[in-house]
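A short worksheet on the structure shown next.
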Amino acid sequence: MTRLNDSRLWALMMDPLRSAGLDTPAAGRVSRQLVAVVRNERSPQRPTYGPGDALPDPPPKQVTDLDGDVWEQQPAAGEGCYRMCDRDRARNADSADDIESIRVWPNLLEEYGPLTADRDSNPPAVG
């Protein structure tokens, strides 16, 4: 399967949003929300959630973030808790980001979103 990576699309949206008067954090959030819309249009069978979206019920077992990294649900840590999968943690080992920690749904959406549900953890589509 081709790795889902929309970081270039996200980056292309940043400058026009900043030119329109949004500060960098707001432009980043709106860009993530817009990438979620694009992903939902591109693949409606794989729901995508952007910053501000509620945790679906049931929560997806796996989600793919903006850069194509996979996050796995951590039920023992509590509802809506996710950790980057072993393969992607190894691939991102040199990252300055804290990739070892468990993230809760709202923070994961803000920092790494949008999140696209894995085909095998297909909750109802947002909308």
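Rule-based calculations on the coordinates, nothing more; no lab input. None of the values given here were measured: they were computed from a predicted structure. Here the Cβ positions follow ideal geometry from the backbone for every residue, glycine too, while neighbour counts run over all protein chains shown.
A quick yes/no check of all residues on (1) in contact with a helix residue (DSSP H, G or I) (Cβ under 6 Å, 6 or more places away or on another chain); (2) buried (at least 19 other Cβ atoms within 10 Å of the Cβ):
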| site | (1), (2) |
| --- | --- |
| ASP6 | yes, yes |
| ARG32 | no, yes |
| ARG39 | no, yes |
| PRO44 | no, no |
| PRO47 | no, yes |
| GLU79 | no, no |
| CYS85 | no, no |
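When ASP65 is tested against (1) touching a residue at least 24 places away in the same chain (Cβ under 8 Å); (2) among the acidic types (Asp, Glu); (3) farther than 25 Å from LEU12 by Cβ, just one condition goes unmet, and that condition is (3). Of the residues making up the range 74-110, those that are under 22 Å from GLY52 (Cα atoms) and among the small types (Gly, Ala, Ser) number 4.
Considering each residue of the range 83-104, count those that are within 14 Å of GLN73 (Cβ to Cβ) and either part of a helix (DSSP H, G or I) or in contact with an Asp or Glu (Cβ under 8 Å, 6 or more places away or on another chain) (or both), and give that number.
4
Of the residues making up the range 49-60, those that are buried (at least 16 other Cβ atoms within 10 Å of the Cβ) and in a loop (DSSP other than H, G, I, E, B) are GLY50, PRO51, ASP53, LEU55, PRO56, PRO59, PRO60.
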